[in-house]
Structure formats: C-alpha cells, structure tokens
1. Do you know the relative contact order of the chain, to the nearest whole percent, from alpha carbon pairs under 8 angstrom that are 6+ apart?
2. Report the local net charge at Ser57: Lys and Arg +1, Asp and Glu -1, summed over other residues whose C-beta lies under 14 Å from its C-beta.
3. For the peptides 132-144, 30-42, what is the packing order when you average, over each peptide's residues, the other Cβ atoms within 10 Å and list the highest mean first?
4. Can you give me the span-like helices of the chain, meaning DSSP H runs with 18 Å or more of Cα extent along the axis and Kyte-Doolittle mean at or above -0.5?
5. Based on the inverse mean of 1/r over its pairs of different Cα atoms, what is the Kirkwood hydrodynamic radius of region 2-180, in Å?
6. What spacing in nm lies between the two simple spin-label points modelled at Ser129 and Leu20, each 7 Å away from Cα in the Cβ direction?
7. Around Gly44, which amide H atoms from residues at least 5 apart in sequence, or from another chain, sit under 5 Å from its own amide H, with H modelled in the peptide plane?
8. Using alpha carbon centroids, what distance separates region 125-160 and region 29-101, in Å?
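Any read-out appearing in this document is the output of simple, stated calculations on the displayed coordinates, not a laboratory observation. Source: prediction; values computed, not measured. Here the Cβ positions follow ideal geometry from the backbone for every residue, glycine too, while neighbour counts run over all protein chains shown.
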Amino acid sequence: MKRLTDIVFALLLLALIWPLLLVIALIVRTDSPGPFVYRQIRVGLHGRSFGMFKFRSMVVNADRIGGYQTHQGDPRITRSGRWLRKTSLDELPQLFNVLLGDMSFVGPRPDVPAQRELYSEQDWALRTSVRPGITGLAQATLRSEARAAQRLALDLEYVRRQSLWLDLKILVMTVRQVLGKGSY
C-alpha cells in the first residue's frame, strides 16, 4: 500500500510542479558550470546501491574536495545552492527515485556507502530493512542539526514504529521545519 501511495503522489506532484523543476534547472545551470542534476550513489533497501538525484547545489566534484557532510558556510555550496538547500528544493528530483522504487516519501535518509562503518551489523540490517525516504524522522525533528548518533537513533525509531500515521506526522513536521528553519 505504501509503495502504491508513493507512486500516485509522486506522479501527481511531478504533474503539478514540472514548471518549477524547469525554472530551478535553469537557475542552477546559469549559476555555475556543470550539470543541473547531481547523481550520488546512496544505499537503499536491503543495502542495495542506487543513484539518488538532486538539483546540484555544490560545485562540480564537491565530493572529491570535502567529506559527505556539509556545514554552515561550506565553500563548496553554490550561490543558488544555498537557497535550494534552505528551501529543500534541491531534493525535488528524488521524486523520480520514488517512481523508480529506490526511495519512498518517508523513511531514513539514504546514506552514502562510506557511512556504513558508522553502524553495527544489527543496526545496519534494521536501517536498510525499509526503503529510504526523501524525509525522515531525523529531518522532521532536528533538520540539519542532527548529530550522527541522534540521526541513527531516530532512523531506528522510525523503522521500529513505522505506520501510515507516523508517515503523515513526519510529512507535516518536515513542512514546518522547511518553512521555519530551512537548512544549509
């Protein structure tokens, strides 16, 4: 049921926001050299790797210049990238990941493969037992301020408690976070 809901809502959203996607692509492309969409390898359901799409908010080859986490004032973030990250509009291409079955609307955010070492075998197996999400409990409660241990605890809490009601609650909380705090 969750998968069917994800597909229907992703298709509806894409039908509604396709003009916005085109405008953002144009802004990213004119702001800095390089492609407007970035594809990063992430870990999904059952530990399977996939390419996660985002509007490019950083300079080309940013992953080779620094680590997988960003910080406030990170020089790799482009001018339009600051705005895209604050509004979370850089995440919109992940609607295509939802359609492809790589992601869901709600679930733990997908990690990069290098983050695997941060988990015990049991925690990793539990965390990857669900489809990763565009948003999750950590993003809905702590946004970009979550430390690794806090994020892990919230991700595992989500996996243990997942339900349609919790997903709806997380979606509402995420909208409040984005409208209230934004990100960096």
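1. About 23 percent, as a whole number.
2. My count for the surroundings of Ser57 gives +4.
3. Going by the mean number of other Cβ atoms within 10 Å, highest first, we get 132-144, 30-42.
4. Qualifying helices: 2-31, 148-161, 164-180.
5. 16.7
6. Distance between label points: 3.5 nm.
7. Counting only residues 5 or more places away or on other chains, the set is Ser49, Phe50.
8. The distance from the Cα centre of region 125-160 to that of region 29-101 comes to 18 Å.
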